[in-house]
Amino acid sequence: MDHQAIAALLGLPESATDAEITHAATVLTNRARSAEEAAADADMARFAAVIPDASKPYWRGQLISNRAAALPVLESMLPLLSAAGTSSTVPAASTGHTAGGFQPAPLHNRTDAAAPPPPGSGNAGDRQPLTEADKMSRQNSAIALVLNRNRGLSHAEAFDIARTEQPGLFQ
């Protein structure tokens with residue numbers, strides 16, 4: 001952008017100096033910052049019932065730096081507050097974000113969980129018979145291992161060697 005276009009965007013005459021343009025840009029930046037802070041303060045007052053005192057500086061910073069992401073999080077906390085039996089006088093949001101349908105993820109006890117199947121097994125730890133695709137995958141892996149060990153073999157020769165090494169896999 002050229003000098004005259006920047007001056008025109010800032011509402012200055014085309015003959016404005018660099019110092020005048022810098023001053024006008026600084027004034028505009030300060031106005032934007034104070035507007036963001038005022039909006040954050042209004043939101044802090046609106047969500048005072050759900051934000052603990054210890055985390056108010058954090059949430060104020062989040063509302064200033066990323067208001068679009070912070071508002072839905074704070075709004076999702078409102079139904080939890082009313083579900084806990086505490087009355088809240090926080091008005092409904094006018095931003096279009098709603099907390100309706102918020103469902104917390106279920107908590108699972110790790111000690112009750114079964115061990116996961118071995119990597120690459122494709123089944124539940126050999127408790128189920130191998131599917132045809134799993135069997136073929138294991139056969140191809142065995143053939144590839146033979147080919148890597150013995151460079152220069154044909155695929156048919158590697159197949160025969162793998163079949164003699166692991167006969168149960170090739171039945």
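The values are calculated or read from the model by the stated rules, or taken from the named source; none is laboratory data. These numbers were taken from a predicted model, which means no experiment stands behind them. Here the Cβ positions follow ideal geometry from the backbone for every residue, glycine too, while neighbour counts run over all protein chains shown.
Could you tell me whether any residue of the range 124-141 is surrounded by 11 or more Cβ atoms within 10 Å (Cβ to Cβ), under 28 Å from the mean Cα position of the chain (by Cα) and at pLDDT below 75?
Of the range 124-141, the ones surrounded by 11 or more Cβ atoms within 10 Å (Cβ to Cβ) are 124-125, 128, 130-131, 134-141.
Filter once more, so that each one left must be under 28 Å from the mean Cα position of the chain (by Cα): none.
No, every residue in the range 124-141 fails to be surrounded by 11 or more Cβ atoms within 10 Å (Cβ to Cβ), under 28 Å from the mean Cα position of the chain (by Cα) and at pLDDT below 75.
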Name the pairs: first residue in the range 55-82 and in contact (Cβ under 8 Å) with a residue 60 or more places away in the chain, second residue loosely packed, with under 13 Cβ neighbours inside 10 Å and among the polar types (S, T, N, Q), Cβ to Cβ under 6 Å, at least 6 apart or on different chains?
none
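Taking the criterion of being closer than 30 Å to Pro79 by Cα and in the same structural domain as Pro72 (by TED's automatic domain parsing), would at least one residue in the range 14-28 satisfy it? Before you say what the answer is, go through the steps one by one.
Taking the range 14-28 and keeping what is closer than 30 Å to Pro79 by Cα, we get none.
For the range 14-28, residues closer than 30 Å to Pro79 by Cα and in the same structural domain as Pro72 (by TED's automatic domain parsing): absent.
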